[in-house]
Amino acid sequence: MGCFAFKSGKSRRSKRQKAVGAPGSDSGGQKSKASSASTPSRSIQELSEERGAQRLRVFDLEELSSATNGFSRSLKLGEGGFGSVYRAFFRSAAGGRVVLAVKRLNQRSRQGHKQWLAEVQFLGVLEHPNLVKLIGYCAVDSEASNDRLLVYEFMPNKTLDDHLFNRAHPPLPWRTRLQIMIGAARGLDYLHEGVPEVQDLIDALLASQVIYRDFKAANILLDSEFKPKLSDFGLAREGPTEGKTHVSTAVVGTHGYAAPDYIETGHLTVKSDVWSFGVVLYEILTGRRSLDRNRPPEEQKLLGWVRRHPPDGQSFRTIMDPRLGGRYPPAAAREVARLADRCLVKNPKERPAMRDVVDDLEKVLQMEPPPPADKKKEGDGNKPAFPSSAKR
């Protein structure tokens, strides 16, 4: 299995290897006209030339092939619209083993270079405990193929989607579900509003929000302690510029999660993400996918089904995930459903901001005391409980 010395900083580029270019360009080398750190209106793409160049490593294709044992099927973690993801083994400067994840673009992928470039640009600039960390990238053009790869931190517990819907995994306990959604909400809040901890980016982020555009359980990765991190920024967009209320764009995303106002008009706002968050809240309550063709016709569309069992109704308990085994506070579950309903209102202006969503979920978490440190609560299995007061 290919292992090699993993060194910090950029590696030497091969003659065919390409650097990440400026926005709208497929090649590098041209400096942005707005590269001054004092300019608050710089875009994410422009900031990526400065900050991303310092943070990201440029990998050789040969290095990544070695680390994945020739992109072996035995090291394949999964496959999505972009391509396949592999476990990769590197050797640190101290001689220890480092495990990372390598995503390789499928040559037939419809997302292609544009989404690969967006991922590099956004994750080369943005930094938050609830966003997956991009280590580096690889771009090689040759007569035989055009290779595009991304190298991330490794997330050993896969995705929220896996743990909610794959019966091979034990059911997620109630508290763990809430803590995952709180972390995911913090990640969206950071994208939408910016955070004071990142002083050199705050002006730019406040001037131009980031809209995630593909929030779903499959894009919420879980680390060794089940802390969530948002991944897959290939569809992310910067928000409207000053004086505008929305971004007009082609409708993309995942069926079952996109806001109806976005689908109907192509008008994209941060409230489009809030709708998607509401869908996932109902997924963690019910243990059901947003769309499931294997269920009876009246139950295939999750939102249509749960609306027949409102939070204040007597039949509400019938929608709760049976894998929870009744081990959840009923009052807290109803509050989560009420919050989901606020996220899913038709008028996007009436949906809550993600900062308010974080606050509401933290209050719900406090409705049930944490399990004693010396005794795990029944039903919690081996899942850790991480504090709700963690840094946003």
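So the values come out like this:
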| read-out | value |
| --- | --- |
| Filter pass, Asp203 being at pLDDT below 85, farther than 23 Å from Pro352 by Cβ and not assigned by TED's automatic domain parsing to the domain that holds His113 | yes |
| Selection within region 45-96 - aromatic (Phe, Trp, Tyr) and at pLDDT 80 or above | Phe59, Phe71, Tyr86, Phe89, Phe90 |
| Residue match in region 250-271 (condition: under 17 Å from the mean Cα position of the chain (by Cα) and in a helix (DSSP H, G or I)) | yes |
| Flag for Arg175 being of a type in the set (D, E, K, R) and in contact with a helix residue (DSSP H, G or I) (Cβ under 8 Å, 6 or more places away or on another chain) | yes |
| Identity of the residue in region 127-152, among the acidic types (Asp, Glu) and in contact (Cβ under 8 Å) with a residue 40 or more places away in the chain, that ends up surrounded by the fewest Cβ atoms within 10 Å (Cβ to Cβ) | Asp141 |
| Residue that is modelled with the lowest pLDDT [pool: residues in region 340-392 that are among the aliphatic types (A, V, I, L, M), surrounded by 12 or more Cβ atoms within 10 Å (Cβ to Cβ) and more than 16 Å from Lys271 (Cβ to Cβ)] | Ala390 |
| Given (1) touching a residue at least 60 places away in the same chain (Cβ under 8 Å); (2) assigned to a loop (DSSP other than H, G, I, E, B), index of the condition Ala168 fails | (1) |
| Scan of region 68-103 for residues that are charged (D, E, K, R) and surrounded by fewer than 20 Cβ atoms within 10 Å (Cβ to Cβ), ordered by number | Arg73, Lys76, Glu79, Arg87, Arg91, Arg97 |
| Region 299-327 residues that are charged (D, E, K, R), paired with ones that are part of a loop (DSSP other than H, G, I, E, B) (beta carbon under 6 Å, 6 or more apart) | Asp321/Gly287; Arg323/Pro171; Arg323/Gly287; Arg327/Gly379 |
| Residues that are small (Gly, Ala, Ser) and surrounded by fewer than 21 Cβ atoms within 10 Å (Cβ to Cβ), drawn from region 261-289 | Gly266, Gly287 |
| Unique match (being modelled with pLDDT of 80 or more, in a helix (DSSP H, G or I) and under 16 Å from the mean Cα position of the chain (by Cα)) among Leu235, Leu188 | Leu188 |
| Subset of region 307-323 [over 28 Å from the mean Cα position of the chain (by Cα), farther than 23 Å from Val345 by Cβ and part of a helix (DSSP H, G or I)] | Arg317, Thr318 |
| Verdict on Val132 being of a type in the set (A, V, I, L, M), within 16 Å of Tyr212 (Cβ to Cβ) and under 18 Å from the mean Cα position of the chain (by Cα) | yes |
| Positions within region 74-95 being more than 17 Å from Glu63 (Cα to Cα) and either hydrophobic (A, V, I, L, M, F, W, C) or not in a strand (DSSP E or B) (or both), in sequence order | Ser74, Leu77, Gly80, Gly81, Phe82, Ala94 |
| Single match in Gly326, Gly243, Gly253 (criterion: in the same structural domain as Val358 (by TED's automatic domain parsing) and either over 25 Å from Pro348 (Cα atoms) or modelled with pLDDT of 95 or more (or both)) | Gly326 |
| Gly124 vs. criteria touching a residue at least 60 places away in the same chain (Cβ under 8 Å), more than 17 Å from Asp223 (Cα to Cα), of a type in the set (Gly, Ala, Ser) and buried (at least 24 other Cβ atoms within 10 Å of the Cβ) | yes |
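The values are calculated or read from the model by the stated rules, or taken from the named source; none is laboratory data. What you see is a predicted model; the values in this text were computed from it and never measured. Virtual Cβ from ideal backbone geometry, glycine too; neighbours counted across all protein chains shown.
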